[in-house]
Amino acid sequence: MDYSLTEEQLAFRDAVYKFSRNEIMPLMEEYETRGEFPWPAWKKMAEYGMMGLPFPEEYGGAGADILTTLIGMEALGHGGATAGLCLSWGAHTVLCGVPIWLVGTEEQKKKYLTKIASAEWIGGFGLTEPGAGSDAAGVQTTAVKKGDKYILNGTKMFITNGPIGNVFVVIAVTNKEMKHMGISAFIVEKDFPGFSVGKELNKMGNRTSTTSELIFEDCEVPAENMLGAEGYGFLQVGKTILEWERSCLLAAGVGGMAAAIEICSQYAKDRKQFGRSISEFQAVQSKLAEMKMIHAASKRIMYKVAWMKKNEMPAMLEASISKLFITEMGLKLADHAVQIHGGYGYMKEYPVEWGYRDAKLGTIGGGTSEIQRNIISRMIMNLKKAKKEGMKS
Ligand SMILES: Cc1cc2nc3c(=O)[nH]c(=O)nc-3n(C[C@H](O)[C@H](O)[C@H](O)COP(=O)(O)OP(=O)(O)OC[C@H]3O[C@@H](n4cnc5c(N)ncnc54)[C@H](O)[C@@H]3O)c2cc1C
C-alpha cells in the first residue's frame, strides 16, 4: 500500500492550508461566537473551488478524486476552518452533490450539480426523521405517485443546511411492503409546493452550520426528480455516500486535530507555573504525545479508506472502523486540549473550547458509535444485517 502523495497533491494541500489560514480562519471567531452561518467564508470557499471539488469539470467541478478531496478538507480543517463550516460543506458537496453526480441522470447533473459546484445553490440531505434515526430504514415519509408527480408527506429532522438550502436529496417510502427495498430518493427544491423549513435548531457545537427540520405537506415533486431507481434510491444513495462521508467529512476533523496539537504545544511552552513552562511537566508532555498518537493513527486509517475507494475496493468495514476510531479518539484529543489550557480552555474565546463541543457530534452524526460497533462486529461474524445498518447516514 502506497499512501505517498504526488507533487500535485502536496502542492494542493499546501495551497488549501494557506488559503484556510489566511482567508478563512480570521473570519471564524466572530461567527462562532454569534453561532451564525459564516457567509463570507462560504463564498470564499466557493470562489476557491471547494464546493465542486470531486465533480467532473463538465459540471463545474475540479475533477478531484476522493483522496485529493480528502487532502483538501484535511488542509481546510488544519488551516482553521470551523467544524461547522466543514459540516455544511459535507452536507452540500458530499451528501447532496455526490449522489446526484454518481446516481443522477444527465439532466439532473446538468441542472443541479453545476449549481452546487458554483454554490449558486446550497445543498442538503434529508434522511433522519423524528422517529427514525439509527434505524434509517424505518423512515415514515411517504412518496405517492400521482400523474407525473410524487406527493411527499412527512418530516425530516436535524437537517444540516436546512434553513439555508435550495435543494435537498430526500429519502421517502414508495412501497411500504417492500421495507428497505421500497425506499426511494428524490431531489427536492425549496420552492416546490408543499415544502417548508422548520425553525432553526440551537446546537451544542458546530454552531457555524445551520440545522432544522424539513416539512413535506403534500409536497409536489416532479417524477423526473426521482434519484436512482424506484425502491432502490435509498440503497443506491446510501452506498454512494457512505465511504465518501466517512472519509472526506472526517478529514476536516483530522486536520483540526493537527491544529489543536500546534495550539496546545505553543500554549504549553508559553504558560508558566511554578516558575517553569508547563511544557516541562511530564503530565502535560504525555497528553501532547497521546494527542499526536491519536492524530497519526487517525490519519493513517482515514487515508487507507480513501485509498481503498480510489482503487474501487469495498471499504465498508474500514470506513466504520475509521469513523469509530477517529470520532471517539477525537473526543479524547479535544479533552486533552482543554485540560492543557486549564481554566482558559473553558473560556469561549479559546478555540479548544469550541473544539471540545464540536467533537461530540462525531460520535452521533453519520451513524452513532454504537451503530459503527454493530456494523464492525457483524461484519467480523459475517452477519447480513450489517449491510442495512451501514446505510445509516
Ligand atoms: C448537528 C447534527 C446534524 C445532522 N445532520 C443531518 C443531516 O444533514 N441529514 C440527516 O439525515 N441527518 C442528520 N443528522 C442526524 C444524525 O445522523 C442522527 O442524529 C443519528 O443518526 C442518530 O439518530 P438519532 O438522533 O435519532 O438517535 P437514535 O437512533 O434515537 O439513538 C439514540 C441512542 O440509541 C442508540 N441506538 C440506537 N439503535 C441502536 C442499536 N441498534 N444498537 C445499539 N445502540 C443503538 C444510539 O447509538 C444512541 O446512543 C444530524 C444530527 C445532528 C445532531
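The values are calculated or read from the model by the stated rules, or taken from the named source; none is laboratory data. For clarity, every value in this text was computed on a predicted model and none was experimentally measured. For neighbour counting, all protein chains shown are included, and Cβ atoms are generated from backbone atoms with ideal geometry for every residue, glycine included. Protein only, heavy atoms only, side chains kept; ligands, DNA and RNA dropped before computing areas. Shrake-Rupley method; radii C 1.70, N 1.55, O 1.52, S 1.80 Å.
Within the set LYS115, LYS146, the sole residue that is more than 16 Å from the ligand (Cβ to nearest atom), of a type in the set (Lys, Arg) and surrounded by 19 or more Cβ atoms within 10 Å (Cβ to Cβ) turns out to be LYS115. Within region 96-111, one or more residues are touching a Gly at 6+ places or on another chain (Cβ under 8 Å) and within 20 Å of SER209 (Cα to Cα).
Of the helices (runs of 4 or more DSSP H) lying entirely inside region 72-126, those containing at least 1 residues that are out of contact with any helix residue (DSSP H, G or I) (no Cβ under 8 Å at 6 or more places or on another chain) span 114-118. Does any residue of region 167-176 turn out to be in contact (Cβ under 8 Å) with a residue 60 or more places away in the chain, open to solvent by 10 Å² or more (accessible area, probe 1.4 Å) and in contact with a Ser or Thr (Cβ under 9 Å, 6 or more places away or on another chain)? Within region 167-176 (the criterion being in contact (Cβ under 8 Å) with a residue 60 or more places away in the chain, open to solvent by 10 Å² or more (accessible area, probe 1.4 Å) and in contact with a Ser or Thr (Cβ under 9 Å, 6 or more places away or on another chain)), the answer is no, since none of the residues qualifies. With respect to the conditions (1) over 20 Å from the mean Cα position of the chain (by Cα); (2) open to solvent by 20 Å² or more (accessible area, probe 1.4 Å); (3) modelled with pLDDT of 95 or more; (4) of a type in the set (Gly, Ala, Ser), GLY104 falls short on a single one, namely (2). Residues of region 227-258 that are acidic (Asp, Glu) and not in a helix (DSSP H, G or I): GLU230 alone. If the condition is being more than 8 Å from the ligand (Cβ to nearest atom), closer than 26 Å to CYS86 by Cβ and outside any loop (DSSP other than H, G, I, E, B), then region 149-170 contributes VAL167, PHE168, VAL169, VAL170. Could you tell me whether any residue of region 182-200 is in a helix (DSSP H, G or I), away from the ligand (no atom under 16 Å from the Cβ) and more than 21 Å from the chain's Cα centre (by Cα)? Yes, because at least one residue in region 182-200 is in a helix (DSSP H, G or I), away from the ligand (no atom under 16 Å from the Cβ) and more than 21 Å from the chain's Cα centre (by Cα). Per the listing LYS292, LYS309, the residue uniquely outside the structural domain of THR128 (by TED's automatic domain parsing), closer than 16 Å to ALA260 by Cβ and open to solvent by 50 Å² or more (accessible area, probe 1.4 Å) is LYS292. Residues in region 149-168 that are farther than 17 Å from ILE183 by Cβ and of a type in the set (S, T, N, Q) were compared, and the one that is farthest from the chain's Cα centre (by Cα) is ASN166. Inside region 37-59, residues that are under 27 Å from MET313 (Cα atoms) and crowded, with 19+ Cβ neighbours inside 10 Å make up a count of 7. Do we have HIS336 as open to solvent by less than 30 Å² (accessible area, probe 1.4 Å), closer than 18 Å to HIS78 by Cα and not hydrophobic (A, V, I, L, M, F, W, C) here? Yes; evaluated as a whole, the condition is true for this residue. What do you reckon, is GLY255 within 30 Å of LYS304 (Cα to Cα), under 14 Å from the mean Cα position of the chain (by Cα) and either at pLDDT 95 or above or within 15 Å of the ligand (Cβ to nearest atom) (or both)? Here the answer is yes, as GLY255 does meet what is asked. Scanning for something at pLDDT 90 or above and in contact with a Lys or Arg (Cβ under 6 Å, 6 or more places away or on another chain), does region 331-339 turn up at least one residue? Among the residues of region 331-339, at least one is at pLDDT 90 or above and in contact with a Lys or Arg (Cβ under 6 Å, 6 or more places away or on another chain), which makes the answer yes.
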